[in-house]
Amino acid sequence: DEALTLFQNGQLNKAKDICLEIIKVQPNNFDILHLLGLIAFQTKDYLKSVEIINKAIQIKPDYAEIYDFRAIVLIHLKKFEEAVESWNRAIKIKPDYAEAHYNRGNALRELNKIEAAIASYDQAIKIKHNFAEAHYNRGNALRELKKIEPAIASYDKAIQIKPDYAEAYNNRGSVFFDLNKMESAIASYDKAIQIKPDYAEAYYNRGNAL
């Protein structure tokens, strides 16, 4: 409990020292290994984090969340295929794990597997209807496939769920820009800037539209 409190307060080295003392006595303590993995991740020692997480998985191989965490670390190592496999394991254990479906979709987009990414976003949305980020990234994937109207519908849904979603307004503006609907594009960029006054990309895009 003390180590966890220190971790939550950002005192990572002190938390790590306590964890290492506990591991000497209880080398198979899943919670402590999980926390050590988190500490390594926070300090950007991603290789060490994966190594520790793999030990934790050996102790508790049916815990979906640890595979999700492992995949996130793998993404930071640019190991997208391995990350997808890790999310597949999480989903096999917990089929209604909306965040794992969503995260897998993001990794599949990095691998340029756009149709598969959309299928993952669709599954996340089916489980968690008001998943604004899944609607948003679904819109981004659809835009990559030049499926313009469905992309706009996805951005609109993301904005309906999260009215202050500046990125969704910005990207919706860019779809209107692609359609040569400049007034609509400018209106979307304006909204993005209203929500996020330091949004440089939206100002840039607005300038192009003007």
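The values are calculated or read from the model by the stated rules, or taken from the named source; none is laboratory data. Every value quoted in this text rests on a predicted model; they were computed, and no experiment measured them. A quick note on method: Cβ atoms are made from the backbone with ideal geometry, for glycine too, and the neighbour counts reach across all protein chains shown. Accessible surface areas use protein heavy atoms only, side chains included; no ligands, DNA or RNA. Shrake-Rupley method; radii C 1.70, N 1.55, O 1.52, S 1.80 Å.
Quick notes on this structure:
- Element breakdown for the chain at a 1.4 angstrom probe: carbon and sulfur atoms account for 50% of the accessible area.
- Residue-span extension gain [Asp156 to Asn208] - 0.36 nm each, minus C-alpha spacing: 16.5 nm
- The distance linking segment 108-153 with segment 168-183 is 17 Å (Cα centroid to Cα centroid, whole angstrom).
- For the chain, the share of alpha carbon pairs falling in successive 10 Å distance bins from zero is 9, 26, 27, 22, 12, 3, 0 percent.
- Reach of Lys60 by Cα under 18 Å, taken over aspartates and glutamates that are not fewer than 8 positions away in the same chain: Asp31, Glu51, Asp68, Glu85
- Here His76 and Glu201 are evaluated by their C-beta separation; at R0 = 30 Å the FRET efficiency comes out at 0.85.
- Normalised by 2.2 N^0.38 Å, where N counts its residues, the alpha-carbon radius of gyration of segment 145-210 equals 1.00.
- Electrostatic dipole magnitude of the chain [Cβ: Lys, Arg +1; Asp, Glu -1; Cα centre; debye, to 20]: 340 debye
- A Förster radius of 45 Å combined with the Cβ-Cβ distance from Gln194 to Lys126 puts the calculated FRET efficiency at roughly 0.90.
- Most fluctuating residue given options Asp198, Asp96, Asp45, as computed from a GNM of the chain linking Cα atoms under 10 Å: Asp198
- Rounded Å value of the spacing that divides the Cα centres of segment 7-45 and segment 65-99: 21 Å
- Extension gain for Ile59-Asn13 works out to 14.1 nm (0.36 nm per residue, less the C-alpha to C-alpha distance).
- R0 of 30 Å, Cβ-Cβ distance Glu115-Leu179: FRET efficiency to nearest 0.05: 0.85
- The packing ranking of peptides 187-194, 20-27, highest mean first, is 187-194, 20-27, where packing means the average number of other beta carbon atoms within 10 angstrom of each residue.
- Value of Rg/Rh across segment 67-142 [Cα atoms, Kirkwood radius]: 0.94
- Residue by residue, segment 115-128 carries 3J(HN,Hα) couplings of 4, 5, 4, 4, 4, 5, 4, 4, 5, 4, 5, 4, 7, 10 Hz when phi is fed to the Karplus relation 6.51 cos²θ - 1.76 cosθ + 1.60 (θ = phi - 60°); x denotes Gly or Pro.
- Surface exposure of segment 17-77, expressed per residue as accessible area with a 1.4 Å probe, stands at 53 Å².
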